[in-house]
Amino acid sequence: MGSVTNGKTALITGASRGIGAAAARAFARDGYSVAINYLHSHGAATKLKCDIESRGGKAEIYRADVTDFDSVEAMVRSVVADFGQIDVLVNNAGIAEQKLFTEITQSEWERMLAVNITGVFYCTRAVVGEMIARKSGKIINVSSIWGITGASCEVHYSTSKAAVVGFTKALAKELGPSNIQVNCVAPGVIDTDMNSGLTEQDIWAINESTPLERIGTADEVAESILFLASDKADFITGQVLSPNGGMVI
Ligand code: NAD
């Protein structure tokens with residue numbers, strides 16, 4: 001894995017576990033140098049970096065809270081110092097919460113939007129200047145099917161993920177003339193820690209309403225992200241690719 005580098009660097013937010021970690025492994029396997037952003041999980045991020053390096057890949061870890069613009073800017077400066085430039089930004093960091101709308105507090109609402117959409121703005125804002133100057137770059141945002149269809153008891157999450165779709169489409173229009181592709185993935189239900197609260201009965205019900213009769217894996221989402229980052233997707237921008245097993249068609 002990764003022993004032949006493609007000379008490109010991908011910064012992936014929230015990459016110490018789940019979809020972000022799967023994306024880090026997939027990008028490294030494809031020859032990217034991978035900048036692994038994490039918030040708290042220094043140990044998991046370090047282990048991921050070591051795994052990638054043991055397979056001949058290149059990776060470095062960067063602690064930053066995506067809701068803190070100063071630390072995001074510092075992280076981006078460090079990645080550029082270490083790897084030269086950022087060719088791909090994957091805005092993956094996110095939080096979820098299931099609650100009745102009438103029980104969502106002001107601070108829960110604000111935190112959801114801060115991480116899931118303001119964080120996307122901060123990271124993109126910090127990275128995009130150099131992409132514009134180079135007239136080249138790819139930005140992939142991680143939304144959700146719930147940002148498309150809406151989910152009961154997840155109004156704040158659904159709102160934030162719908163915002164990611166709007167952000168993606170608007171920015172794609174603005175940055176197209178700079179040859180920067182901005183797309184998003186909107187995964188269905190994926191087997192990660194984010195869904196650790198699902199009961200067997202919940203999973204049975206999800207499988208029942210999914211044509212492919214199962215939930216997805218982080219690796220499957222990572223492959224969609226990797227495709228959108230690749231040259232094969234050079235004529236694709238402003239789109240929503242939804243690895244969801246047919247749950248939303
Ligand atoms: P996860 O909880 O395993 O991963 C989320 C990651 O984001 C964690 O590593 C977490 O530490 C990081 N993070 C959270 N807040 C952060 C912050 N302020 N700064 C930096 N990092 C932060 O869950 P996952 O399923 O891997 O989720 C990844 C993305 O995929 C999220 O945006 C999520 O909304 C989206 N998504 C997940 C599913 C699913 O079913 N698992 C479906 C659709 C979309």
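Out of the range 163-201, which residues are crowded, with 18+ Cβ neighbours inside 10 Å, outside any helix (DSSP H, G or I) and small (G, A, S)?
A186, G188
Among the residues of the range 23-37, which ones are out of contact with any strand residue (DSSP E or B) (no Cβ under 6 Å at 6 or more places or on another chain) and within 8 Å of the ligand (Cβ to nearest atom)?
Answer for the range 23-37, where residues must be out of contact with any strand residue (DSSP E or B) (no Cβ under 6 Å at 6 or more places or on another chain) and within 8 Å of the ligand (Cβ to nearest atom): there is none.
Checking K8 against (1) near the ligand (Cβ under 10 Å from one of its atoms); (2) of a type in the set (D, E, K, R); (3) closer than 22 Å to A233 by Cβ, only one condition comes out false. Which one?
It is condition (1) that K8 fails.
Tell me which residues, restricted to the range 92-110, are open to solvent by 40 Å² or more (accessible area, probe 1.4 Å) and within 15 Å of the ligand (Cβ to nearest atom).
I95, A96, E97, Q98, S107, E108, E110
Can you tell me how many residues in the range 216-230 are within 11 Å of the ligand (Cβ to nearest atom) and open to solvent by less than 30 Å² (accessible area, probe 1.4 Å)?
5
Looking only at the range 43-60, decide whether some residue is surrounded by 23 or more Cβ atoms within 10 Å (Cβ to Cβ), under 16 Å from the mean Cα position of the chain (by Cα) and assigned to a helix (DSSP H, G or I).
yes
Cβ-Cβ under 6 Å, sequence separation 6+ or interchain: first residue in the range 184-206 and within 16 Å of I95 (Cβ to Cβ), partner near the ligand (Cβ under 8 Å from one of its atoms) and of a type in the set (F, W, Y). Which pairs?
That search, which allows pairs on different chains as well, returns nothing.
Out of the residues in the range 231-243 that are assigned to a loop (DSSP other than H, G, I, E, B) and in contact with a Leu (Cβ under 9 Å, 6 or more places away or on another chain), which is least open to solvent (accessible area, probe 1.4 Å)?
So the residue we want is G238.
May I ask you to say which residue of L113, L89 is in contact (Cβ under 8 Å) with a residue 60 or more places away in the chain and either open to solvent by less than 50 Å² (accessible area, probe 1.4 Å) or of a type in the set (V, I, T) (or both)?
L89
Pairs, please: C-beta under 6 Å, at least 6 apart or cross-chain, first residue polar (S, T, N, Q) and in the range 28-44, second more than 16 Å from the ligand (Cβ to nearest atom)?
S33/T9; S33/K58; S33/F83
Among the numbered criteria (1) of a type in the set (S, T, Y); (2) more than 16 Å from the ligand (Cβ to nearest atom); (3) surrounded by fewer than 21 Cβ atoms within 10 Å (Cβ to Cβ), which one does S78 miss?
The one condition S78 does not meet is (2).
The values are calculated or read from the model by the stated rules, or taken from the named source; none is laboratory data. Keep in mind it's a predicted model, so treat the numbers as computed, not measured. Don't worry about glycine lacking a Cβ; one is built from the backbone with ideal geometry, like all the others, and counts go over all protein chains shown. Note: areas computed on protein heavy atoms with side chains; ligands, DNA, RNA excluded. Shrake-Rupley method; radii C 1.70, N 1.55, O 1.52, S 1.80 Å.
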